[in-house]
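First the structure, in the form of structure tokens, and then the observations on it.
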Amino acid sequence: MTTLDLTFLPLYRLNRQELPALPGLLAMMPPRKTARGRENDRLIVYLVLTGNATLSTAEYLQLTSQTASKFFDTPGALTTAMRTATEELNRALLERNMGSTGRGQYAVGWLVLAVLRGTQCTLLQSGSTHIYALGSEAISHTHDPALSGKGLGLGQAATTYFTQAELQPGDRLIFSGKLPPAWEQALSQVGRESIEAARRNLLSLSREEDVNAVLIRTSTGDGNLTVLRPAPSAAPVPKGTASAAAPSAPPTATESLPPLSEPESASQTEEPEFTPSAYAIPPQMEDSGLPELEEVLPEFPASIPRVTPAEPEPPPLHEMDEPIMDEPEEPEEPRQPSETTRQVARGLVSGMQAWRRMVAALGRGLQKFIPNLLPSSGGSSPSAMSSNMLLAFIAVAVPLVVVAVGFVMYSRFGRSLQYDANMQQAESARTRAVSATTPSRQRTEWQAVLGYLREAEKARTTPELDTFRQKAQSELDTLEGIQRLTFYPAFSGGLGAQISRLAANETDIYMLDAERGRVLHASQNGRNFAMDEAFRCESGEYGDYRVGPIVDILILPRLNSLNAAVLGVDAGGTLIYCAPGQVGQAIPLAVPDTNWNRVTGFTYDSGNLYVLDAPARAIWVYTGQDSSFIERPYFFFGGQIPEIEDSIDIVVSGDELYLLHADGHVSTCSYSRLDTVPTRCEDPAPLINPIPAYEGVDLFEQAHITQMVLTSPPDSTLLLLDADNRKVLRVSPRTLELQNQIAPMPGSSLRQGSAGALTTNPNRALFLAVDDQVYFATDMP
């Protein structure tokens, strides 16, 4: 596999001065201790903050470092880790904005996250950012605020947009928060000149505009990340004006570089040397080498709108995704403590006062008594040694007694007060929920009830609390259209595998191990399932054909020409037919007219096989004969080919095809069998939520949808897996209207973490993979 080195060159101008370090840029190799699945991910964070709040360089570094840490601590799918890191940054900015609402200050984050695996780069955008990919043969520009949203820090949900790029040595990437108009035509020449010359030309085109961007060069190497730090250059001062001292970073020996403004010699072919910036990771937090804010950032970061500091105004609520601070509909009446609470409080206060008097009296007695025990200056004696031992004992015993008494007092009275207070708050919220006139308000109050009960449970657990919580959860589930199922673990222990796909028939389940690209098999054994250790369905040589790591699996009809139970496919379009007790059989699919780019998934319907080649924007249909697919395929789309490069799952029902995209939205296509009527697609297809309790809340936007399954007829339903919340959204295939949600029972045995895969079988059993365990429920609607 080709390994690429990345070299980063900041393009940063603020107040007509070019600065060497770009706040918000972080390039990071995987740390030694990282979550499973992140070992080979190299991360790039590019953050631009807009608004009227000023952040220091240290605050920028704190935000980007928290984002990177969250990414490398999140196991599982790559898009899941990127989305989780983005949500962490959104939470930090939202909390900061809510804390500064009274001062009218706010900061909105525009983010680009890039993760490089080999030569494949996965990109996430949030906010109005620009990404230019400048290859030797093609140039692409990614900028779609409608999909990437308004930015981070405005609401609870973070809007993200995923794309992918296949990089080659010599390619260039440019990330920018606000692209100068003069750059659009000049960027076509960046790939044909040195990286330093490109920097000079782009900065000269933008003249005196503020600039905030980074230029990235790829080259063959060992996978290193290097952030160059060009020497700062001050802008000329116009004649007739007073010359002000321009802020600059303190000079150091390692940053002594030739000025970038000097012209290049015509014979010069090598790029000048730069000093790697302290923003190259792994960072040294104690001595990062970053310039101080007061010297380098006198104002807000470049290329962003500014508000005069003398007249700060908060952002208009109608321009935000969600209001930063919700105002209560009506003020609450002061709550009066109960008589029991008053008595407990009086007893606690009296006890504390008595304890203080006792400690004060003991202290006065010791002050008079201890000097008599101190050894005289004439020397030591047995009595002096005894006095010293007594003093040591007192020094140890008194703090222990104080701590013990304090612990007993808190355990007896403090926890009771905490429990009573939260139970009273929960009861008040329940009263408001019952009297609320709208389902959305009732939902909010029942959520508050459960929140107070969780706080009360931290103090102690009582039957009263359990009954109260069950009632509140039942009321909230009814409002939200949630049906709770009991999930049972399929195996007594973990599988030691990262399950990315599941397939099941009436008695067996097949699990795709994403780490090893192999299929695991288990058969039903009473209430649980037993692993089939002899089952072999994995990459390797099978006769004249080689199968690579398997990327997707599906169940075959029981009657088929190869007597197989499960079918897998690798990225090169080779099928592998497997069954318990048999050796796998490999048969490559007929190569389509445009050849394969990379198979990312497939599905089966009415005897036909639909193969998704997302990077090539293609879906190929193979007509089957007893589950063998030997004929050449036909192209599913007509003249209209939708943007499906980021699609991650596919299902088909008749002439209707559904695609799930990496950002969670769904697109639909209706195949036309008439030459005069083209196949038409709707992207994105509107998902409808008719549940009244979600008024003003986009449930599908809040969900992290990673997979979808179409249940068996009759009454087929489209199931969408909300991985982070471990829920399943049941949607009507025709209208894409939400029917209800399926979730595990509160306090169920499901492990913590995101759900990795789901499937169903003809018996209406629902299977979920969480971590390295598989769970099943038998009473799915």
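Tell me which residues, restricted to the range 512-534, are part of a strand (DSSP E or B) and closer than 22 Å to residue 570 by Cα. 512, 513, 518, 519, 520, 521, 522, listed by residue number. Provide a single number: the residues in the range 11-38 that are over 30 Å from residue 500 (Cα atoms) and either surrounded by fewer than 17 Cβ atoms within 10 Å (Cβ to Cβ) or more than 26 Å from the chain's Cα centre (by Cα) (or both). Of the residues in the range 11-38, 11 are over 30 Å from residue 500 (Cα atoms) and either surrounded by fewer than 17 Cβ atoms within 10 Å (Cβ to Cβ) or more than 26 Å from the chain's Cα centre (by Cα) (or both).
Checking each residue in the range 698-715 for being under 17 Å from residue 84 (Cα atoms), of a type in the set (A, V, I, L, M) and surrounded by 21 or more Cβ atoms within 10 Å (Cβ to Cβ) picks out only 705. Can you spot a residue in the range 631-638 that is out of contact with any strand residue (DSSP E or B) (no Cβ under 7 Å at 6 or more places or on another chain), of a type in the set (Asp, Glu) and assigned to a loop (DSSP other than H, G, I, E, B)? No, the range 631-638 contains no residue that is out of contact with any strand residue (DSSP E or B) (no Cβ under 7 Å at 6 or more places or on another chain), of a type in the set (Asp, Glu) and assigned to a loop (DSSP other than H, G, I, E, B). Consider residue 744 carefully, then state whether it is under 27 Å from residue 470 (Cα atoms) and either among the hydrophobic types (A, V, I, L, M, F, W, C) or open to solvent by less than 30 Å² (accessible area, probe 1.4 Å) (or both). So residue 744 fits the description; yes. Looking at residue 148 and the list (1) crowded, with 23+ Cβ neighbours inside 10 Å; (2) closer than 18 Å to residue 70 by Cβ; (3) small (Gly, Ala, Ser); (4) modelled with pLDDT under 90, which single condition is not satisfied? Of (1) crowded, with 23+ Cβ neighbours inside 10 Å; (2) closer than 18 Å to residue 70 by Cβ; (3) small (Gly, Ala, Ser); (4) modelled with pLDDT under 90, only one is false for residue 148: (2). Residue by residue through the range 117-143, note down the ones that are more than 22 Å from residue 80 (Cβ to Cβ) and open to solvent by 60 Å² or more (accessible area, probe 1.4 Å). 136, 137, 138, 139, 141, 143 - these are the residues of the range 117-143 that are more than 22 Å from residue 80 (Cβ to Cβ) and open to solvent by 60 Å² or more (accessible area, probe 1.4 Å).
Applying a threshold of 7 Å to beta carbon distances and a minimum spacing of six or more residues, or different chains, the list of pairs starting in the range 129-148 at a residue that is aromatic (Phe, Trp, Tyr) and ending at one that is at pLDDT below 80 reads 132/187. The set of residues from the range 618-639 being under 27 Å from residue 124 (Cβ atoms) and surrounded by fewer than 20 Cβ atoms within 10 Å (Cβ to Cβ) comprises just one member, 637. Residue-level analysis places residue 217 among those that are part of a strand (DSSP E or B) and either under 30 Å from residue 661 (Cα atoms) or touching a residue at least 12 places away in the same chain (Cβ under 8 Å) (or both). May I ask you to list the residues in the range 560-571 that are free of Cβ contacts under 8 Å to residues at least 60 places away in the same chain and surrounded by fewer than 17 Cβ atoms within 10 Å (Cβ to Cβ)? 563 - this is the single residue of the range 560-571 that is free of Cβ contacts under 8 Å to residues at least 60 places away in the same chain and surrounded by fewer than 17 Cβ atoms within 10 Å (Cβ to Cβ). In a residue-by-residue description of the range 75-89, the property of being open to solvent by less than 10 Å² (accessible area, probe 1.4 Å), within 19 Å of residue 177 (Cβ to Cβ) and at pLDDT below 85 applies to no position. Only one residue in 615, 678 is at pLDDT 90 or above, open to solvent by 30 Å² or more (accessible area, probe 1.4 Å) and either not in a strand (DSSP E or B) or not hydroxyl-bearing (Ser, Thr, Tyr) (or both). Which one? The unique qualifying residue is 615. Residue under question is residue 735, and the condition is that it be at pLDDT 90 or above, farther than 21 Å from residue 147 by Cα, of a type outside the set (Gly, Ala, Ser) and open to solvent by 60 Å² or more (accessible area, probe 1.4 Å); does it hold? Judged against the criteria, residue 735 is a match. Selection of first residues in the range 69-94 that are touching a residue at least 40 places away in the same chain (Cβ under 8 Å) and of second residues that are of a type in the set (Val, Ile, Thr) and open to solvent by 20 Å² or more (accessible area, probe 1.4 Å), restricted to Cβ pairs under 8 Å at least 6 apart or on distinct chains, gives the following pairs, ordered by first then second residue: 71/84; 72/34; 77/706; 79/648; 79/706; 80/706; 94/324.
Applying the criterion of being within 12 Å of residue 479 (Cα to Cα) and out of contact with any Ser or Thr (no Cβ under 8 Å at 6 or more places or on another chain) to the residues of the range 686-697, the residue that is surrounded by the fewest Cβ atoms within 10 Å (Cβ to Cβ) is 690.
Looking across the range 476-496, the residues that are outside any strand (DSSP E or B) and either more than 22 Å from residue 709 (Cα to Cα) or charged (D, E, K, R) (or both) come down to 476, 477, 478, 479, 480, 491, 492, 493, 494, 495, 496.
The number of residues in the range 519-557 being open to solvent by 70 Å² or more (accessible area, probe 1.4 Å) and in contact (Cβ under 8 Å) with a residue 24 or more places away in the chain comes to 8.
Taken over the range 681-708, residues that are in a loop (DSSP other than H, G, I, E, B) and either charged (D, E, K, R) or out of contact with any helix residue (DSSP H, G or I) (no Cβ under 7 Å at 6 or more places or on another chain) (or both) amount to 9. Scanning the range 648-675 for residues that are assigned to a strand (DSSP E or B) and polar (S, T, N, Q) returns 653, 667, 668, 670. Scan the range 457-470 and give yes if some residue there is under 30 Å from the mean Cα position of the chain (by Cα), loosely packed, with under 15 Cβ neighbours inside 10 Å and part of a helix (DSSP H, G or I), otherwise no. Scanning the range 457-470, I find at least one residue that is under 30 Å from the mean Cα position of the chain (by Cα), loosely packed, with under 15 Cβ neighbours inside 10 Å and part of a helix (DSSP H, G or I), so the answer is yes. Tell me yes or no: at least one residue of the range 93-116 is polar (S, T, N, Q), over 20 Å from the mean Cα position of the chain (by Cα) and open to solvent by less than 10 Å² (accessible area, probe 1.4 Å). Yes, that holds for at least one residue. No other residue among 743, 755, 769 is touching a Lys or Arg at 6+ places or on another chain (Cβ under 7 Å) and in contact (Cβ under 8 Å) with a residue 60 or more places away in the chain apart from 743. Entry remark, the range 111-136: residues being of a type outside the set (Val, Ile, Thr), under 19 Å from residue 645 (Cα atoms) and either assigned to a loop (DSSP other than H, G, I, E, B) or modelled with pLDDT of 90 or more (or both) number 11 in total.
The values are calculated or read from the model by the stated rules, or taken from the named source; none is laboratory data. Here the structure is a predicted model, which is why all the values come from computation and not from measurement. So basically every Cβ, Gly included, is an ideal-geometry build from the backbone, and we count neighbours across all protein chains shown. The area values use the complete protein model at the heavy-atom level, side chains included, leaving out ligands, DNA and RNA. Shrake-Rupley method; radii C 1.70, N 1.55, O 1.52, S 1.80 Å.
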